[in-house]
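Input: a single structure, listed below in structure tokens.
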Amino acid sequence: MKTILDAPFLTEMRKTTANMYRLGWDERNGGNISCLLDENEATEFLDVNHVIREIPIGFEAQPLAGKIFIVTGTGKYFKNVEGDPENNLGIIKIAPDGQTAQLLWGYKDGGKFTSELPAHLMSHMARLSVDPQNRVVMHCHPTHTLAMNFVHELDEKKFTHTLWEMCTECIVVFPDGIGVLPWMLCGTNEIGEATAEKMREFRLVVWGMHGIYGAGKTLDETFGLIETVEKAAQIYMLTAHLPRINTIKDSEMKKLAEFFGVDYRKDFLD
Ligand code: 13P
Ligand code: ZN
């Protein structure tokens, strides 16, 4: 009999959270992940009709009724997920009313899903409406990206353009650019709605002076998006105070985007 601990999606969550912690993106309980599971895959490892308890989600997520997600727990430390997944993660199914999460596994110590569930589920709805393959929403506090928030204008075009200039691959990895929100109170439906609005247009959204959200088809893809932003932000922070001698020009970024056949935000070039 297969147990949940054999599930590839659980192994991947454990490895991803450990990696994010190792990179310093998730101090203490910082950051959260939600991943939409394929129902057939989930059924291989657990009884999806056995509800341990019900938890109100505090908003309406009707379009996601019946969908199953693995979600990090609120207040839980990423550093502990790998060794103790059953306390730090949970698997929830959205009930037919769209307002209740049915716990199928995890949050063993009586815990619950991340306080950022509004931003996660609303972002899933937004991304699925433009990309039916989207499965993952990831939030974290990467150091250099966050540092850059304090010294760079929080303007979508300018922020994206600066990052595109920092690594040759950037325009190819995130040609759709980065959405930027001002500082807002986290854990609320309001920041969830604002994030989801940006997610219709972008797979990356900066939360001003807080962190970043990424969305993608897999944990790897989403991790890679944030990793690329963070690398570019690190190069920016290492060089911003020094005289700039060389730069990747707009004409070169255009060449890259055309060569790799990506549909980039042309209005984000000068
Ligand atoms: P949670 O512990 O509720 O997931 O919150 C962490 C966080 O990063 C808030 O933005
Ligand atoms: Zn956060």
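The values are calculated or read from the model by the stated rules, or taken from the named source; none is laboratory data. Since we're looking at a predicted model, the values are computed, not measured. Here the Cβ is made from the backbone with ideal geometry for all residues, glycine too, and neighbour counts use every protein chain on show. For the accessible areas, the whole protein counts, side chains as well, though only heavy atoms, and no ligand, DNA or RNA atoms are used. Shrake-Rupley method; radii C 1.70, N 1.55, O 1.52, S 1.80 Å.
Find, among the GluC sites (Glu not before Pro) in the stretch 155-210, those assigned to loop by DSSP (not H, G, I, E, B) with at most 15 other beta-carbon atoms within 10 angstrom.
Counting only loop positions with at most 15 other Cβ atoms within 10 Å, the GluC sites (Glu not before Pro) in the stretch 155-210 are 169, 201.
Using a cut-off of 14 Å between beta-carbons, work out the net charge of the residues near residue 38 (Lys and Arg +1, Asp and Glu -1, residue 38 not included).
Residues close to residue 38 contribute a combined charge of 0.
Taking the stretch 205-270, which chymotrypsin sites (Phe, Trp or Tyr not before Pro) meet the DSSP loop condition and have no more than 14 other C-beta atoms within 10 Å?
For chymotrypsin sites (Phe, Trp or Tyr not before Pro) across the stretch 205-270 that sit outside H, G, I, E and B with at most 14 neighbouring Cβ atoms in 10 Å, the list reads 260.
Taking residue 108 as the anchor, which aspartates and glutamates have their alpha carbon closer than 13 Å to its alpha carbon, excluding any fewer than eight residues away along the same chain?
Candidates past the 8-residue exclusion: 84, 86.
Hey, what's the stretch 38-136 come to in accessible area per residue, 1.4 Å probe, Å²?
On a per-residue basis, 42 Å².
At R0 = 35 Å, how high is the FRET efficiency between residue 169 and residue 109 if r is their beta carbon distance? Nearest 0.05 is fine.
My answer for the efficiency is 0.25.
Taking the Cα centre of each part, how many Å lie between the stretch 168-216 and the stretch 84-115?
A separation of 25 Å, based on Cα centres.
Taking a temperature of 25 °C and a viscosity of 0.890 mPa s, what whole-number D in µm²/s does Stokes-Einstein yield for the chain with Rh from Kirkwood over alpha carbon pairs?
Estimated diffusion coefficient is 129 µm²/s.
Between 55, 145, 129, whose Cα lies farthest towards the positive end of the dipole of the chain when Lys and Arg beta carbons carry +1 and Asp and Glu beta carbons carry -1, centred on the Cα centre?
Most positive-ward Cα: 145.
So, with +1 on the Cβ of K and R and -1 on the Cβ of D and E, and no other charges, what is the size of the charge dipole of the chain about its Cα centre, to the nearest 20 debye?
380 debye
Taking residue 158 as the anchor, which aspartates and glutamates have their alpha carbon closer than 20 Å to its alpha carbon, excluding any fewer than eight residues away along the same chain?
The reachable aspartates and glutamates, counting only those whose Cα sits under 20 Å from residue 158, are 169, 176, 197, 201, 227, 230, 250, 252, 263, 267, 270.
In the stretch 151-270, what percent of the accessible surface is made up of carbon and sulfur (1.4 Å probe, ligands and nucleic acids excluded)?
Summing carbon and sulfur atoms, their accessible area is 56 percent of the total for the stretch 151-270.
Take the residue pairs 79/217; 15/198; 76/266; 79/266; 93/231; 112/157 and return only those whose Cα atoms are more than 31 Å apart.
Exceeds cut-off: 76/266; 79/266; 93/231; 112/157.
Apply 1/(1 + (r/R0)^6) to the Cβ-Cβ distance of residue 267 and residue 50, taking R0 = 51 Å, and write down the FRET efficiency to the nearest 0.05.
The computed FRET efficiency comes out at 0.50.
How large is the charge dipole for the stretch 165-270, taken about the Cα centre, if only the Cβ atoms of Lys, Arg (+1) and Asp, Glu (-1) carry charge, to the nearest 20 debye?
180 debye
Could you work out how far apart the two model spin labels at residue 38 and residue 2 are, taking each label as a point 7 Å from the Cα in the direction of the beta carbon, and quote it in nm?
Output for this residue pair reads 1.0 nm.
Given DSSP loops and a limit of at most 12 other Cβ atoms within 10 Å, what is the longest stretch of the chain that contains no such trypsin sites (Lys or Arg not before Pro)?
My reading of the result: 29-243 is the longest stretch.
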